[in-house]
Amino acid sequence: WFASHQIGGPYFGFLDTRVGGIALWLLLPLVAVAGDLVEDVAQLRFLALHERDEAPSPFVTVLGFVGSIVKFAAFVPALLLTMLAGALGMWKVMWLGQSTGWRGTVALLISALVAATVAGIVISIPLYRWRTKSERERSHDAMRDMSPTGELRATMS
């Protein structure tokens, strides 16, 4: 909504396009939610079948896969559009300068803090995985050498 109504123009005007009577800015998250619900139903079915040591039918597997694809196909563009709208909104507040008053300064500060937090998380996840790779490999090797009862098996070297 913010992107289509407050920024609009050549960047986000298309988000007011109606599909089946619903604006695109509302349809993207609704499709992502629907895909997520379908995926969740399939996963819950998998768990129920696993408790009974039964295999899921191909239909349930395909249904879960389609739900994941639909969710991903709606979520990624919505995420990118949200990030772009936030960046353009920050730019607009900076461009307006003094006319936004203290509210503009607070909005810009909060937006910058959120952006820095997200960037920090995105950067730290691969760094953490890289730094703990050897520890995870050792743990995996130790688990492989354990018998199902938890006793350490003799490994052949």
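Rule-based calculations on the coordinates, nothing more; no lab input. Source: prediction; values computed, not measured. Glycine also receives a Cβ, built like all others from the backbone with ideal geometry; neighbour counts cover every protein chain displayed.
Each residue of region 79-96 was assigned a 3J(HN,Hα) from its phi angle through the Karplus expression (A = 6.51, B = -1.76, C = 1.60, θ = phi - 60°), giving 5, 5, 5, 5, 5, 5, 5, x, 5, 5, x, 4, 4, 5, 5, 5, 5, 6 Hz with x at Gly and Pro. Positive contributions from Lys and Arg (+1) and negative ones from Asp and Glu (-1), summed over other residues with Cβ under 15 Å from the Cβ of Leu26, come out at 0.
Go ahead and collect, in residue order, the members of region 47-82 whose backbone nitrogen is under 14 Å from a label point 7 Å along the Cα-Cβ direction of Leu37. Answer for region 47-82: 67, 71.
Restricting region 37-97 to chymotrypsin sites (Phe, Trp or Tyr not before Pro) that sit in a DSSP loop and have at most 13 other Cβ atoms within 10 Å of their own Cβ leaves nothing. Note on Ala73/Ile121: beta-carbon distance plugged into 1/(1 + (r/R0)^6) with R0 of 30 Å gives a FRET efficiency of 0.80.
Karplus-based coupling profile of region 19-25, in residue order and whole Hz: 10, x, x, 10, 5, 4, 5, with θ = phi - 60° in 6.51 cos²θ - 1.76 cosθ + 1.60 and x standing for Gly or Pro. Hey, rough spin-label estimate for Met94 and Lys133, points 7 angstrom out along Cα→Cβ, what's it come to in nanometres? For Met94 paired with Lys133, the spin-label model returns 3.5 nm. The GluC sites (Glu not before Pro) of region 33-120 that meet both conditions, a loop assignment by DSSP and at most 12 other Cβ atoms within 10 Å of the site Cβ, are Glu54.
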